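Just below is one structure, and these are the notes that go with it.
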Amino acid sequence: MPRVYGGSQFGCEEAVSSRRREDWRVEHRYLSTERAGAVTHDINRRCHVAMTKTSQSRIRLTHHIVDLDDGRQVGLSIGGRGVPLVFMHGILLSRRAYLRMLSRIAGLGFLVVAVDAAGHGDTWRLPKDACGFSDRADSVLHTLDALGVGQAVFVGHSMGGRMTIQLAARAPERVLAAVLFDPAAGARFDNSIPNLVKSPNRALGAAFTAIRDTLEDPMRLGTGEQVGYLRLLTSVATPNLLNPLGAIRTIKAIIESGDYTPMLRTMRTEGMPTIVVHGEKDMIVPFACAREIADECDGTLYKVPDAYHSWMIANPRQGADAFRQLLGAELGEVIRNAADTIGIEDVNDHAAWERELLDPDSLLFKFIDVGHHRNRCRGTPAGQTRADARRPAHPRADVVDATNISTVGGQAHA
C-alpha cells in the first residue's frame, strides 16, 4: 500500500503505509504529527540536514531557444543554482504557465530547467513518423544530452508526470527522484483514454469536465488572482489551440502509449524514489489514479485537499510550499543520500552539485552567466537567448557550440 500524507497546506489528513505509520498532518509549511512526537522531531531535524541552502526570494528565470543537431529547436527556461531539476508541463500548456512556481523552487537550492514538450510552446513538433510517446522521451533525453545534464530531479505535471514516469523507467540512471504533480497515468486513466476516441459523446463530456476542472482551482482566490490565472492559461494555451496539430499528435501518442503499470513496476524494481502530489478533487485524473500509481511504484502519495488538476498554476505559492515540505521529508532525504554517494561533503554547496551532475562543457553554465547578468541589471527586458547546440554524431554533448551568445541591452543574442 502506498504511503499517503496530507493536511491543511497540501496533503491528506491521514497517513497510511505498509509499515502502519501514525497519522500525519501538514501545517504551517512543515510536516507534523498528531500523535508521533518523536518522529516529528526526527523529520524536522532531518530537514535541516537534507535540504540544500534555500532562499526566500524568487529567482528570475531566463528564457532560451536551443537548436539541436537534428534540426529542431527546443524552448527552455532556466534559473537558480544547485541540484539540477528538470520540469515538464501539461498538455496544451508550456513551461511559461509554471514560471511563478518555478521561480520560487529555484530559490530552494535547485538549478531549474523547464522544457517545452514537442509541439508546445517554443519547441518544434516531432516528425509525423516519429512522434510516439517513446519518441518524445527520446527527444527529452536528447535535449538533456545537448544541455549537458547528467542527473537531475525530474518533476512533471499531468502529461509531464506521465513523461517523468517513462523517463524514470527507461533511464533510471538519469533520475535522482521523480516528483509527480497530478500525473496523467494510472490504470484507470490509461484504460479510459482509448474509449474517448471511440465515442464523440464521451469525448465531449471529457472536454467539458476538463474545462470545469480548470475553472474550479482559482475559485478560492481573490478576483485579481482569478483574472491573472485565466489570462495566463489563455496566453499559454492559445498558440497551441491555433496550431492544433501538435496537440492532436500528443493526444494520439498518449492513447497509443498504453498501460503504464509495467513502467511503474520497473520504477519499483529500480528503487526509484517517487513522490506523487495530487489534488483531492481532480476531475481530469481522479485521485484514485494517484493511489494506483503510488501503489505500483511503491511511492509516497500526498493529497492536496479541495484541489483540482492545476492547483499549482492557480496558486504557485502553494506549489512551492508543497515542494518545500517535500524537502523536509522524502525528497530531502534523497538529496542527502545522493550527496553521500557522490561524495559532496556540504549539501549546500551548489557548485559541487553542478560540477558532479552536469558535463564540464554544459550549456547551462553559459545560461547561468546570462541569468546572473540579467538579475544584476534590474529593469532590463527579460529577453530570450538562442544558442546552437548542434554537434557531430556523438553519444554525449561534450562539444556544444554556444560561444556566440552575447548580451546586448539586457537581452542575449546568439
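The values are calculated or read from the model by the stated rules, or taken from the named source; none is laboratory data. Quick caveat, the model's predicted, so the values are computed rather than measured. Neighbour counts are summed over all protein chains in view; Cβ atoms, including those assigned to glycine, are modelled from backbone coordinates with ideal geometry.
Answer with yes or no whether Val334 is assigned to a loop (DSSP other than H, G, I, E, B) and either over 22 Å from Val112 (Cβ atoms) or in contact (Cβ under 8 Å) with a residue 60 or more places away in the chain (or both). The answer is no for Val334.
Yes/no matrix, rows are residues, columns are (1) within 29 Å of Thr261 (Cβ to Cβ); (2) surrounded by 24 or more Cβ atoms within 10 Å (Cβ to Cβ); (3) hydrophobic (A, V, I, L, M, F, W, C); (4) in contact (Cβ under 8 Å) with a residue 60 or more places away in the chain:
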position: Gly90; (1), (2), (3), (4): yes, yes, no, yes
position: Gly119; (1), (2), (3), (4): yes, no, no, yes
position: Trp124; (1), (2), (3), (4): no, no, yes, no
position: Ser192; (1), (2), (3), (4): yes, no, no, no
position: Pro200; (1), (2), (3), (4): yes, no, no, no
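Limited to segment 270-279, what total is found for residues that are part of a loop (DSSP other than H, G, I, E, B) and crowded, with 18+ Cβ neighbours inside 10 Å? Number of matching residues: 2.
For every residue, the table says whether it meets (1) under 23 Å from Ala97 (Cβ atoms); (2) in contact with a Leu (Cβ under 7 Å, 6 or more places away or on another chain).
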{"site": "Thr164", "(1), (2)": "yes, yes"}
{"site": "Glu173", "(1), (2)": "no, no"}
{"site": "Phe181", "(1), (2)": "yes, no"}
{"site": "Arg202", "(1), (2)": "no, yes"}
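Quick check on Ile284: is it within 19 Å of Asp138 (Cα to Cα) and β-branched (Val, Ile, Thr)? When the stated conditions are applied, Ile284 does not pass them. Residues in segment 350-368 that are of a type outside the set (A, V, I, L, M, F, W, C) and within 23 Å of the chain's Cα centre (by Cα) were compared, and the one that is modelled with the lowest pLDDT is Lys366.
Screening segment 165-181 for residues that are closer than 17 Å to Glu292 by Cβ and surrounded by fewer than 24 Cβ atoms within 10 Å (Cβ to Cβ) and picking the one that is nearest to the chain's Cα centre (by Cα) gives Gln166.
When you look at Ala294, is it under 16 Å from the mean Cα position of the chain (by Cα), outside any loop (DSSP other than H, G, I, E, B) and at pLDDT 95 or above, yes or no? No.
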